[in-house]
Amino acid sequence: MQEKEALLEELAAIEHERWAHWQQFMHEQGKRQPDGSLLLPAELIAKWDRLIETPYFSLTNNEQESDREQVRRYLPVVDRAYGKVKL
């Protein structure tokens, strides 16, 4: 069980880094308001709404590659835990 918990913690750390990277990106796209809130451009919201509603296999190759890039961050941990994963 200790190995499973260690794996969970390592993957959770990667997930936090991924989330923090995304939040930093979002904050850079917006304009900070006097009350501390963030105003995001309407065109980005429209793009993200479209992406939210689009299944992975219907995304453009570039959009899919963005998701693949994030998953590649997890692969070294998966490889150590389960053996090399062939892509």
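Evaluation of Arg18 against the conditions (1) at pLDDT below 95; (2) exposed (fewer than 12 other Cβ atoms within 10 Å of the Cβ); (3) within 17 Å of the chain's Cα centre (by Cα); (4) charged (D, E, K, R) shows that the sole unmet condition is (2).
Beta carbons closer than 7 Å, at least 6 apart along the sequence or on distinct chains, pair a first residue in region 44-60 that is under 16 Å from Gln29 (Cα atoms) with a second that is part of a helix (DSSP H, G or I) for Leu44/Gln29. Considering only residues in region 50-83 that are basic (Lys, Arg) and farther than 17 Å from Glu9 by Cα, the one that is modelled with the lowest pLDDT turns out to be Arg72.
The values are calculated or read from the model by the stated rules, or taken from the named source; none is laboratory data. This structure is a prediction, so every number in the text was calculated from the model and none was measured. Glycine gets a Cβ as well: all are built from the backbone with ideal geometry, and neighbour counts include every protein chain shown.
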